[in-house]
Each structure stands twice: as C-alpha cells, then as structure tokens.
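Only one structure is covered here, and it is reproduced in the block below.
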2 protein chains.
Amino acid sequence: MVPRLVLRSPVWLFRWQVACTRGASVQQRTWAGASRTPGPDSTLACTGGPSTSLGTPEVMLTCERYSVKRLPFSVVSEQDLAAFERIVPGRVVTDPAELEAANVDWLRTVRGCSQVLLRPRTAEEVSHILRYCHGRNLAVNPQGGNTGMVGGSVPVFDEIILSTALMNQVIGFHSVSGCILEELSRYVEDRDFIMPLDLGAKGSCHIGGNVATNAGGLRFLRYGSLRGTVLGLEVVLADGTVLDCLTSLRKDNTGYDLKQLFIGSEGTLGVITAVSILCPPRPRAVNVAFLGGSGVRLRSGLTRSLLAPSCVCLRPCALAGCPGFPEVLQTFSTCKGMLGEILSAYEFMDAECMQLVGHHLRLTSPVQESPFYVLIETSGSGVAHDAEKLSSFLERVLGCGLVTDGTVATDHSKVKMLWALRERISEALSRDGYVYKYDISLPVERLYDLVTELRTRLGPQAKHVVGYGHLGDGNLHLNVTAEAFSSSLLGALEPYVYEWTAGQRGSISAEHGLGFKKRGVLGYSKPPEALNLMQQLKALLDPKGILNPYKTLPAQS
Amino acid sequence: MVPRLVLRSPVWLFRWQVACTRGASVQQRTWAGASRTPGPDSTLACTGGPSTSLGTPEVMLTCERYSVKRLPFSVVSEQDLAAFERIVPGRVVTDPAELEAANVDWLRTVRGCSQVLLRPRTAEEVSHILRYCHGRNLAVNPQGGNTGMVGGSVPVFDEIILSTALMNQVIGFHSVSGCILEELSRYVEDRDFIMPLDLGAKGSCHIGGNVATNAGGLRFLRYGSLRGTVLGLEVVLADGTVLDCLTSLRKDNTGYDLKQLFIGSEGTLGVITAVSILCPPRPRAVNVAFLGGSGVRLRSGLTRSLLAPSCVCLRPCALAGCPGFPEVLQTFSTCKGMLGEILSAYEFMDAECMQLVGHHLRLTSPVQESPFYVLIETSGSGVAHDAEKLSSFLERVLGCGLVTDGTVATDHSKVKMLWALRERISEALSRDGYVYKYDISLPVERLYDLVTELRTRLGPQAKHVVGYGHLGDGNLHLNVTAEAFSSSLLGALEPYVYEWTAGQRGSISAEHGLGFKKRGVLGYSKPPEALNLMQQLKALLDPKGILNPYKTLPAQS
C-alpha cells in the first residue's frame, strides 16, 4: 500500500572507509608519483604553469620542516607484520611505491615515513588491528581518500596507516563499487535521493573522512551540518572496542549522543567504520530547458519570458559578476529574501581566482570580467515555481546594478561547467606554487576585509592573495601563493591571520579541521577551559594516544 | 550599504535559564497547588472530567513509589543557606508553598522534597553555587520551565533546585522580559525571524531546557535537530568552571565540538547558562486570506480556484481525516513529493485523541469523524506558489480517496485553533486519569502497529490507548490512561513496550529524554559499550555525581 522507497528512506546506511581528510580533486593520483626519499635539493614548490604542474617535486619530511618530536610509540617489527598478516591476510602493504601515495598529502606539503599500510574490510578487522596496536603501543593513522587540507590524513612519522578503502559496502542495499562521495551520490540519486553534502573533492574523498572531519562544503547552506544529518555511526575505539551507535532513526534521545564525539574529531578518538546518513529527496526530474545546451547570458533588461515556467530545469545555477564586495553582500540579502527555501548554494570568488582557473586549468569565464563573481544554485520541488523565483530575482539584481553581468545554466553539462569554475580553484592554486591555506569563519560583513588587508601587508612577497568560499555560511577560503615555501612569508602571515580572526571572534578553521598544521593555533578560537576538556576526552578515549597522534590537539608540554 | 539585520543574523544569542525538561502546557501553575505532604489516601489519579481536573490530588513522594536509594550527598545545613544567601542575596527560596511547584512535575507523577531553591541571575553566580556545592558534596537539580515528561526536572530526594528563571536576558539585543520559548518566538518574529523549534509546551518551557533535553517538537521535520541549529553554548561544569563555547558562527571545526556533550544530557553533565541559536528567516508577511476568518472545509471535488494564488497567507495549515493508517502514510508520501521544501509539519492523531480533546477540553473538530487525522503545515517564501502547491496536493489526495474530509486554515486564529487540537492532546490525557507515557521512534511503516497491539493486550485494564505524534520524523507518542496508577497495568506495559520497540531497532525515547522514569531502560536502545562510555563521560565531567543525580543514566550497581 505504501511506496517503500519513500517511507523506508530517507535514511541510508553506508559501510565504508574512515578518514580524517577531505578537499582534493581527482588529480590526486596523477600527482602522487614522487619518489619516496626527498633529495637534497627538494624545494617543495610546484613550479606553476600547466605544462609543468604534473611534475613530481620532492616533498620534505614533515619532521624535518616542522618542529615536532616523535612520541615514544613502539616501532613496527617483523613480528608485528606477521600478526597483521594473520588479521588481514594479503592486505598488508609494505611496498615503498604503494606507500608513497599514502605518506604524502595531495597538496604535497607534508610527508610521513610509514612502513606499513593495512586494508581491513570489516569493523571486526579494524577492532583486531586496534586491539593489537593498543597492546603493543603502536601508533595508527586512519586514512580514507587522503584529500585533507591540514595534513590530518597522512602520518607525521612512522604511524601505521589504517586505510578504509576496502570498507565500501552499502549495508542493506545492493553492493556498490566504492564509497567515494561522488559514487555514493550517484548511487542515491539513482534511487531519487541526494547526499546532504557535496564537495570539490567529491571525486576522491570518502564519506567516512567527511564525517570524521565534519566536512562542510557546497550544500551546507541548505542541508546544514553533518551533526544534524548523520543519524548513526559505528566506531572502533582505540582499544578495539566496537561501539555500535548505527541507528537510522531520525530522533533518538536515549542518553548522551556519543556519535557527536567522533564527528569532526579527525580520527583522534576512534575509527569510524560505518555511517547512517539522512539523504534529502532528489529535486524533481525535469524536461530539458528551452535555454538549450548552453548557458544563456543575462543582462540588465532581461524579461521574465526568458525564464518562463516551462523552460528551466531543476537545480539551475547562475553565475554573476558583482562590481564590489558590498554588492556581493547585498545580492546575498536579496537572494535569501527572494529565493528563500529553494536557495541551495551562494558561493563567491574574486577576480584573481577567476584568473587562476583560467591560467592553470584553461577554464573560461562565461561572464564579463568583474571584481567579484557569485554562483547561486537553487533546488526545489516545483520546476515552474523555481524558475519564476530565479527569474524575478535576477531581474531585480540586474535592474538595480548589484550584478553587472550574469549567466544561467540549466543544462546538466553547463551546470557542471559553471560549478567547475568554483570547485577547481583549489586545484588551480596548487598549480600556482606553494599555497598557504586558511579556512576562516567570520561575520559576513567583514569576510573580505582580511584579503585586502593581507594584499597590502604582503606586497610582492606573495604571488597571489585570493579570497573565495561559502559566503552563505560566513566561510572564507583565504589562500596565498608563492614560488616556494618561505619562513619569512609564513612569519608575515602567522600569527597575523589568526589574531585578526580572533579579533572578530571568528573561527580559525571553519570546515577544514585542525589536522597537523593547525593544531597549535586552536587556542585562537577556543578558551583554555575548552582545550583542557578536549585533552581530558582524548585521554579518556585513547589513553595511550595511539590514534592519529600529533593531530588536532596542541602538543602537551 | 548592507542591511544590517539580515547580515548580522540569522544568529541570535540568548542568555536564559537552563532546564532539563519540556512538554507542558500553560496550565502548569494552576495545577501546582497541592499541599506539600501527601496524605494517607493519596491516589495520584486525576479523576477525569473537566469539572474535577483542577482539583489537587496528592502526589506520592518519588522515593516511596519507586525503588530508589538516596546517595550519600550532604544535607543542606543552616551554614549552607547562609553561604547561598551571600552568593545570591534575596534569591534563596525556602518557603514550602513556593517550593511545592518546583518539587512536583507538571504531570503530577513524581515529587521530590527539596528544601531550597536558588535563583541565580548570571553564569558567575551559577559558577559560585556549583563550586560551593561541589566542595560540600551537595546534589543539585537544574530546573527551567519544569515541563518535562520523564521526571527529569524535579528532585528525587532533597537536591538543591537551581532555577534559571531569572537568567533571561537576550545578549546584545534589547532586553526581553523572559525566556519562555513562546516569548522568544515573539521576540525574534518581531525581527523577521522564527525560532527553529516549536513545542506544545511553548507557553512555559524554557529555551535552556529545550537545549538540555534536545527537544524535538513541531518544526523538527523542517529545521532539524537542535544539534544542527544550536551554534554555541556557555556551560557551567560541576566544579564551577565556566566553559565558554558561545560562538555564533555557522561553521567552526576547531577541535572537538564540546557543546554537543551538553545538548540532550538533561543537566547531568553541566548547567547551560547561555545559548546561541540559528533562527531561520520568518516566512514572508502576507495579505489576509480570501478564505476569510474561518477555516474552509474542503471535500473531494475541490477546485483550484478555492486556493487561488492571491488568497492564501503564509504558514497555512490543513487538517484532514484519513480512513486508515495506510492512507496516513500514503498521504505523507504524496505530501513530501508535492510540497517538498515548503512542508514544515506532518502530524497525526487517532480518533481517540480527538475524542479526548473534545471531552476534556471542549475543543471541536472541524472535520468529519475519521479513524485518523493529519495536520499539515507549510511555510515558504512565495505566497502564491505555496498556495498553488497546497491546492494541487489537496486536490490529489481528496480525489483519490486518501483523505475523506479536510479543512484549510489561513487566518491566524484558525491556524492556532487547528494546532490546539494537536498540541493539547497531552493536557487532555492528563485530565483523563493517570497516564503511562511512551515516546518512541519506529520505522514509519510500523508506527501504529504497537498501538493496536496494545489495545488488544490491555483490554479493559486501560481507559484509553492512544497514538499520535510527529509522523514525519517517525516519532510516535503512545499514551495509556487509567483511573489510577496500577502496578499490574504497568507490568502489562513494561517491558513489553520496550521489547517491542527494541525488536524494531527503534528508540525508547525519541525526544522526551530519559529523566528519572526511563533511565533504567536505556539498555533497550543502546549497547553495553555505549552505556559504559556514557558512565565514563559522567565520571569525567561530574566525578562526585552532584548534577541531577538519579537521572538519565542507569543506577550503577
């Protein structure tokens, strides 16, 4: 009597791989071909230009670049390898070439020297591994897609890499071939749902890493945090205990919500081995747009007929140029008021971002050159209604000069093309040189001030200082590129950026987490009482400190 | 340049009172007039009928009805009272008449015997009080609106009642006169936002209690859990430490999300003293409906013109009668598909509920008698679009017989009238006699099966067995009334209800929490490993166990 899919859903259970990272592009594997031992002239700089960007510059060992001391964990012995072979037969990787990709982050800025990578398939295997490591005092680095931004997903020294790449079964549904976010998205979309998150790194990041790092991304504005959409988790604790909180209920107020401890803890409190996540219904299927295969440029004076009810498909998006940041903000206010509940993304990027994706990736902007660009996406259930709302909105903002030029994409491939301009900025930056990355939450009115202040402060020391990000969430991605890593540039950036952010009561890590690189600056966003309680939680859940050591929390003196 | 209200918001900071409760009606104070010491013939039954329901039957002491032993906390001395008087001068309540209302829950089922109630105004005062109690080993019961369903908000023995009723300032805005949820709602609505939650108890529950118990309520379907909408908390820990996590940022991934520990922990891990919460924009203001001052009855054959775009205001709601539970489910599927993102509530109630609100509260149903009723609310940004969607939906469900009769309310007072039918069920039940209350999450297909099975099982032992609740969230409120409390009826209900629920992998407390009454049955929804970790967290945060003892976690043997 009752359509099963709708009623059984929107809850899906995924068994997959844990990670503590996110944020890469599908280029990752291509880039990970450097030899294992850095040569003496290792510079760490990507030399820029598309033609040379796929070269394999050496990456310095993390322990050589950063001031960090190995903790007194045991060293993996032949006996340990034999024990692992008994737990996960045929899935103990010690081949240096295979280990290379797992020891270096995709940004090519940090490098561990792990000698062994394990590939468990089940929570029971993870439990056996951790019980063993706990007993032997061996440190463990959980790893999913290795797409993190802050060095959280690769070892700092010789930690055992616990890869979850083979934990990719969908529980209770037909099997799927992997739990890469993009594959999961396709899987649920085939069943008329969507994943509640979407990231630039979707081609390689893992859902487990997304949860372990509380990833934000492109749909946050509409579907909110993973803290609300993750319904249940299965987690293996440091001593091997399997904690089954894998409910798929929408509501459950029975005791403390333990799963929240592990969401966003970056693999330092437990290894997430299964996730149950709430998937919103897929926006309604539609007819092909009258606007045809290409984006249609809109200018002031656009009439409503251009976007008549019958002519726009669902999840259309628009790219528009704004003459200044105040106009970006006013366009956002107008947008929230006029698009309301169908608004699903409001992203911005500055002119330098557009130049970089053009230069390094040969992507071309379909709108006139502007100081700022905004990308707006809607998703709703009423094709005609959504089109009418978007049309009225665009008329308004073009009419009053908030936007000087714009394009709407309704065809799937054009929608992808517009999104690529925004999603591939990170990749373009990596090709520009060494990248200093900051991911900051700020009051939205002050979001861009830091970018302009830094340009003045750094002058010619920096190649580019760019700002882009999830404006709708108050989240700025501030990136500075240089030919190579330089301590003096770093000194000009830090602690200046953190102090500026703290002065605004902002967050020094909006969505990227702390990982290895930012753990020392947690104090800019959290008071000593909070740090103290975090250390107590770590000590309670992982008393020997074997889980992802040197990450998230500051080193204890 | 930028409209401040829109950009500064949607984040609001509230300083208010903590609590660990929710779910009452504004009748609470009227009912709380019983004398302090239960007489020998205390029966605990409300004798039913409106004419007698405001009488003051005695409520037995919790420690007499339930098997519970006082833990070895200190007893409040004259010296303690003098110390409290120094901390909160003039706000130390020891008058028995004033203590009465705070010692008994609004359902009149549990009673403590606290001799003192404190009314701090600031987090600093809360901190001083807790530091003192921690040193003296005095137990503390945080209390907000005292509107809980599971005995979590009143003392079990002589715990000090820490009332947060005077902590009601809105931070950074003009002062408001209280932090009752309903008052906050009015406050933010005046500023064009709404609170992301709404409860039947809104007239007396406190926002602090809502957060401390992770309240669900009527807008959960649309705006999700408080775990997603609460942005920051200030909490005073058991030893008096003030933990400032009162950020108002949408995104903040700096370390473990400590505030999640306190959301839903029912006052057992810390006392929440301030909340920052994300408020969605208020659905657009509108013109008065053509449908006039009264709800308009809809029958099969309704034409679209009845709900023409210009004639319906925002947040219209509809009440409809369904011939059976399968039709309730199919109507829900249809509703989700056709109303999509504007659907903000889908509630159901059975015929017995309607009879009870009619009998005890003299509320009359505007639709024909039916086995089931559903109440549907929409809220969106496009007046005409929303009306058109609702109209198409109603045409569809009436046309195919899923719904046999319905009414739409668009006028504010009629909307309130329809909501009262649903929101006041709990009050009607209390007037019907002693109420056995269960609040269960289940797979939606099986949601009503437990109600029909119980009717058969209990036979004439029960006065009424009713089912209603938040169908859209898979949340059933199952209530059984009897003339008086009876151990044999309790024996027929428990553990049967819990075992049945566990058999479906449901939750034995969807939104009411565990409080005092359900703490012993946590194990039906959580495995031993989870219980163990919860106990460890309690021991870490409150090593002396002084915060809301005898609540949430099972007694330790």
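General observations
- For the peptide B:338-345, the mean number of other protein chain Cβ atoms found within 10 angstrom of a residue's Cβ is 5.
- Formal net charge of residues neighbouring B:SER441 (Cβ-Cβ distance under 9 Å; K, R +1; D, E -1): -2
- Charge tally in the Cβ shell below 13 Å around B:LEU553, where Lys, Arg are +1 and Asp, Glu are -1, B:LEU553 excluded: +3
- Of the residues A:ASP190, A:ASP386, the one with the largest accessible area comes first in the ranking A:ASP190, A:ASP386, computed with a 1.4 Å probe on protein heavy atoms.
- Interface B:A - total buried accessible surface [probe 1.4 Å, Å², rounded to 100]: 7200
- Sorting the segments A:368-377, A:268-277 by their mean number of nearby beta carbons within 10 angstrom, highest to lowest, gives A:268-277, A:368-377.
- The convex hull drawn around the Cα atoms of the stretch B:479-557, when projected onto a plane and averaged over every direction, covers 6.5 nm².
- Averaged over the residues of peptide B:216-224, the number of Cβ atoms from other protein chains lying within 10 Å of each residue's Cβ is 2.
- Per residue, the accessible area of the stretch A:223-278 comes to 15 Å², computed with a 1.4 Å probe over protein heavy atoms only.
- Per-residue mean of foreign Cβ neighbours for A:528-538 is 5 (Cβ atoms of other chains, 10 Å radius).
- Loop-located trypsin sites (Lys or Arg not before Pro) in the stretch A:305-410, at most 15 other Cβ atoms within 10 Å (DSSP): A:ARG362
- Reachable lysines from A:LYS551, criterion Cα separation under 26 angstrom, eight or more residues apart if same chain: A:LYS69, A:LYS202, A:LYS259, A:LYS437, A:LYS517, A:LYS518, A:LYS526, A:LYS538, B:LYS251, B:LYS259, B:LYS538
- Approximate spin-label separation B:GLU100-A:GLU189, in nm, with each point projected 7 Å along Cα-to-Cβ: 6.5
- Neighbourhood charge, 12 Å Cβ-Cβ cut-off, centred on B:PHE332 and excluding it, Lys, Arg +1 and Asp, Glu -1: -3
- With DNA, RNA and ligands ignored, accessible area of A:LEU541 (1.4 Å probe; Å², nearest 10): 10
The values are calculated or read from the model by the stated rules, or taken from the named source; none is laboratory data. Keep in mind the model is a prediction, meaning the values are calculated, not measured. With ideal geometry, Cβ positions are generated from the backbone for all residues, glycine too; neighbour counts draw on all protein chains shown. With ligands, DNA and RNA removed, areas are computed over all heavy atoms of the protein, side chains included. Shrake-Rupley method; radii C 1.70, N 1.55, O 1.52, S 1.80 Å.
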